[in-house]
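Participant: Would you mind keeping the following structure in view while I ask a few things?
The values are calculated or read from the model by the stated rules, or taken from the named source; none is laboratory data. No experiment lies behind these values; they were computed from the predicted model shown. Glycine gets a Cβ as well: all are built from the backbone with ideal geometry, and neighbour counts include every protein chain shown. For accessibility, only protein heavy atoms count, side chains too; no ligands or nucleic acids. Shrake-Rupley method; radii C 1.70, N 1.55, O 1.52, S 1.80 Å.
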Amino acid sequence: MEGTNAPLQAPTYGNLVTILSIDGGGIRGIIPGTILSFLESELQKLDGEDARIADYFDVISGTSTGGLVTAMLACPNEKNRPMFAAKDIKDFYLNECPIIFPQRNFKLFRSAFKMIKALSGPKYDGKYLHRLVKEKLGHTKLNQTLTNVVIPTYDITKLQPTIFSSFQVKKNPSLNALLSDICISTSAAPTYLPAHFFETTEEKTGTVTKYNLIDGGVAANNPTLVAIGEVTNAIIKGNKDFFPIKPMDYGRFLVISLGTGSPEAEEKCNAHEVAKWGVLGWLTAKGCTPLVDVFTHASADMVDLHLSSLFKALHSQNNYLRIQDSTLNKKTASVDVATKENLDDLVKVGEALLKKAVSREIFDFGTFEPCKKETNEEALSRFAKLLSQERRLREVQSPHPIAANSEL
């Protein structure tokens, strides 16, 4: 395995199903980017400097900014290896976010400007983001990723989620969209960026499918449960890659779920303040959490609550790792304050989060409390060993071994 760039063998030849999930959160994608950089470095210590995140996970799932990170990790370059190493994600955000989310300097008229923008259209036109994503991801389509990906969006015409899934695209070619269109769609947060329209054309039939999409965070800001559901459906439908795993064998799932942070208690709203809000208040609340952030934080927390209980019930809580920070201040909790100072602070949040104890959210109090005698850094090192062992086991047990120097 030293220095390997061979693809991951199917779960049927191993003991586990490995899943990585990344929340939405705009510029706060720097936080999981920092964590992924550490995880990849631990994998490289075990398997060589060519090791990449996509070499170890059966599924990578991401919503909004997490969808963009997912594409960066799973999109092939000209050598059929991941386009980005995990360590490159941080610099991508530091360099590009100030252009994607240009900051207004005229403080005197800032509140009035926010109100006008909230009434007249999205806060940002998204043109630079669209151009950048198309340039980086090129003509790569969903069926060409280096591992299975699951990226939620929301169809504003049908009023239902559209899940771009490697598992579904095999039987539903209309989902085989450009990764760039998928990423632009899943990051089109209401009030921040414009909705995205595109079409796909099936090669065999010529059938055209139209998509009118907005941010996947509307459906699943924490896409971990969506990813698990896609694997479960694949097993139910007899996907040979998972035989003989059963649909309810969640004890065999190894899951890393990365949040993008949430405000600490004193930074959140109170009923007296919120009771006075109208439409503009919910959309542009100064120093508090607007509507979009409210429902994305809520949906992410509910997924964590469900999965924590599920893995605990199966006595496999050591196979589920949720890394989330609940101590962000007003600026670091924003999705678009892309000043150099704030972006640097978000890097520090990610680095500090690695040193914190593994925690679970206590919903009655809205806080996170330590639940293990290990830090997130130690937990990731443990998971890296499990991922490396699982990869080696599959390679040994597969009747069709792939040469270590083969290309995907």
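Participant: Can you name every residue in the range 312-335 that is within 23 Å of Lys123 (Cα to Cα) and open to solvent by 10 Å² or more (accessible area, probe 1.4 Å)?
Facilitator: Hits for the range 312-335 are Asn329, Lys330, Lys331, Ala333, Ser334, Val335.
Participant: Let me ask something else about it. Considering each residue of the range 81-95, count those that are open to solvent by 50 Å² or more (accessible area, probe 1.4 Å) and touching a residue at least 24 places away in the same chain (Cβ under 8 Å), and give that number.
Facilitator: Result for the range 81-95: 3.
Yes or no, residue by residue, for (1) closer than 24 Å to Asn221 by Cα; (2) β-branched (Val, Ile, Thr); (3) at pLDDT below 95; (4) open to solvent by 70 Å² or more (accessible area, probe 1.4 Å):
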residue	(1), (2), (3), (4)
Ile116	no, yes, yes, yes
Tyr154	yes, no, no, no
Ser185	yes, no, no, no
Thr191	yes, yes, yes, no
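Participant: Can you name every residue in the range 318-339 that is of a type in the set (Lys, Arg), out of contact with any Ser or Thr (no Cβ under 7 Å at 6 or more places or on another chain) and touching a residue at least 60 places away in the same chain (Cβ under 8 Å)?
Facilitator: Lys330 - this is the single residue of the range 318-339 that is of a type in the set (Lys, Arg), out of contact with any Ser or Thr (no Cβ under 7 Å at 6 or more places or on another chain) and touching a residue at least 60 places away in the same chain (Cβ under 8 Å).
Participant: Next up: Applying the selection to the range 18-48, what residues are open to solvent by less than 10 Å² (accessible area, probe 1.4 Å), charged (D, E, K, R) and more than 12 Å from the chain's Cα centre (by Cα)?
Facilitator: Selection gives Glu40, Asp47.
Participant: Out of (1) among the aromatic types (Phe, Trp, Tyr); (2) surrounded by fewer than 24 Cβ atoms within 10 Å (Cβ to Cβ); (3) at pLDDT 95 or above, what's the single condition that is false for Phe164?
Facilitator: (2)
Participant: Is it the case, given these coordinates, that Ser257 is among the small types (Gly, Ala, Ser), at pLDDT below 90 and out of contact with any Phe, Trp or Tyr (no Cβ under 6 Å at 6 or more places or on another chain)?
Facilitator: So Ser257 fails the test.
Participant: Quick one: in the range 193-217, of everything that is among the hydrophobic types (A, V, I, L, M, F, W, C) and surrounded by 24 or more Cβ atoms within 10 Å (Cβ to Cβ), which residue is farthest from Lys127 (Cα to Cα)?
Facilitator: This residue is Leu213.
Participant: Now, a different point. Could you say whether any residue in the range 138-147 is over 30 Å from Gly261 (Cβ atoms), under 23 Å from the mean Cα position of the chain (by Cα) and small (Gly, Ala, Ser)?
Facilitator: Yes, the range 138-147 has at least one match.
Participant: What is the one condition in (1) over 21 Å from Lys356 (Cβ atoms); (2) at pLDDT 80 or above that Val292 does not satisfy?
Facilitator: Evaluating Val292 over (1) over 21 Å from Lys356 (Cβ atoms); (2) at pLDDT 80 or above leaves (2) as the failure.
Participant: Could I ask something else about it? Among Leu307, Leu343, which is the only one that is within 17 Å of Ser37 (Cβ to Cβ), out of contact with any Gly (no Cβ under 8 Å at 6 or more places or on another chain) and open to solvent by less than 40 Å² (accessible area, probe 1.4 Å)?
Facilitator: None of the others qualify; the one that does is Leu343.
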